[in-house]
Amino acid sequence: NVIHRKKNGEEINVKIESSLMEFNGYQAKLVLATDITPQIKSQLEIEKSNYKVKQSELNLRAIFDNTNEGFVLLDIDSRIIVFNPKARESLIFGKDKTAFETGRYIFDFVEAPLRPGFKELIKRVHAGEVIDYEREYFVNTKAQWVNFTLTPVLEGSVIAGMFITGRDITDYKNYVQTIDQQNKRFREISWIHSHLVRAPL
């Protein structure tokens with residue numbers, strides 16, 4: 001295809017096709033020029049859209065892979081569709097720390113005593129509820145707290161699965177505990193001082 005300038009100065013894309021033929025005893029060439037400008041514009045728009053989609057996917061992948069939170073996406077049957085590296089590193093579901101695998105049931109990674117409660121949570125999510133809760137685990141006798149958020153995943157108006165977010169909140173919990181202990185100590189000191197002041201001389 002080539003660029004052709006029309007009488008009015010407008011440039012269009014044309015596809016040139018030619019073939020040799022005999023006409024009235026002379027060798028002649030039949031040339032057909034087809035305006036393909038709309039097709040070219042459409043193709044460029046598709047390529048531009050594809051580029052934007054690809055760029056969005058790369059941006060989302062960068063966020064997904066580098067966030068401090070663990071993400072696990074489950075289908076409606078509670079099979080793992082996708083998870084990010086943080087989930088592999090830090091989401092705690094079972095003592096054996098079995099690595100996540102796509103296609104496996106999430107229950108394969110949940111300790112047996114916790115499964116009935118977790119199944120109930122999933123039922124509630126499949127009914128449309130967003131659930132947020134905290135759980136304490138002990139890793140090598142050290143307490144670790146994780147905040148979980150379970151969110152329904154919609155396809156149109158139908159719930160098609162669940163999205164699990166897990167965030168390590170151990171530092172926050174330790175900070176709150178330290179503040180509580182300090183406040184308790186201050187209350188004790190205040191109580192002692194108030195009784196000393198009221199005591200007879």
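The values are calculated or read from the model by the stated rules, or taken from the named source; none is laboratory data. Note that this is a predicted model, so its numbers are computed, not measured. Backbone-built Cβ (ideal geometry, glycine too); neighbour counts: all protein chains shown. Accessible surface is based on the protein model in full, side chains and every heavy atom, while ligands, DNA and RNA are left aside. Shrake-Rupley method; radii C 1.70, N 1.55, O 1.52, S 1.80 Å.
Taking the helices alone, the chain has a mean residue ellipticity at 222 nm of -13000 deg cm²/dmol, built from -39,500 (n - 2.57) per DSSP H run of at least 4 residues and averaged over all its residues. Lysines within cross-link reach of LYS119: Cα-Cα under 21 Å, excluding same-chain residues under 8 positions apart? Cross-link targets: LYS95, LYS97.
Could I get the Rg over Rh figure for the range 108-162? Both from C-alpha atoms, Rh via Kirkwood, rounded to two places.
Reported Rg/Rh, Kirkwood definition of Rh: 1.07.
Approximating the spin labels as points 7 Å out from Cα along Cα→Cβ, the GLU45-to-GLU111 distance works out to 5.8 nm. Which entries of LYS54/LYS123; LYS142/LYS184; LYS52/LYS86 have Cα-Cα distances beyond 25 Å here? Over 25 Å apart, Cα to Cα: LYS54/LYS123; LYS52/LYS86. Can you check what the net charge comes to around GLN177, using other residues whose Cβ is under 14 Å from the Cβ of GLN177 (Lys, Arg +1; Asp, Glu -1)? It works out to a net charge of 0. Counting only lysines at least 8 places from LYS6 when in the same chain, those with an alpha carbon closer than 28 Å to its own are LYS15, LYS29, LYS41, LYS48.
Projecting the Cα atoms of ILE159, THR141, PHE118 onto the charge dipole of the chain, computed from C-beta unit charges around the Cα centre, puts THR141 farthest toward the positive end. Remark: the chain carries a charge dipole of roughly 480 debye about the Cα centre, counting +1 on each Lys and Arg Cβ and -1 on each Asp and Glu Cβ. Surface exposure of the chain, expressed per residue as accessible area with a 1.4 Å probe, stands at 74 Å².
For the range 34-63, the residues whose backbone nitrogen is under 12 Å from a point 7 Å from the Cα of HIS4, taken along Cα to Cβ, are 34-37.
In the chain, carbon and sulfur make up what percent of the accessible area (probe 1.4 Å)? Intermediate results must be reported in sequence, preceding the final value.
On the way: 8050 of 14790 Å².
With neighbouring chains kept in place, the figure for the chain is 54 percent.
From the list [x] 17.4, 53; [y] 33.4, 139; [z] 27.6, 109, can you say which value of Rg and Dmax of the Cα atoms in Å was derived from the structure given? Of the labelled values, this structure produces [y].
Taking each residue as 0.36 nm, the span from ILE169 to VAL53 lengthens on full extension beyond its C-alpha to C-alpha distance by 38.3 nm.
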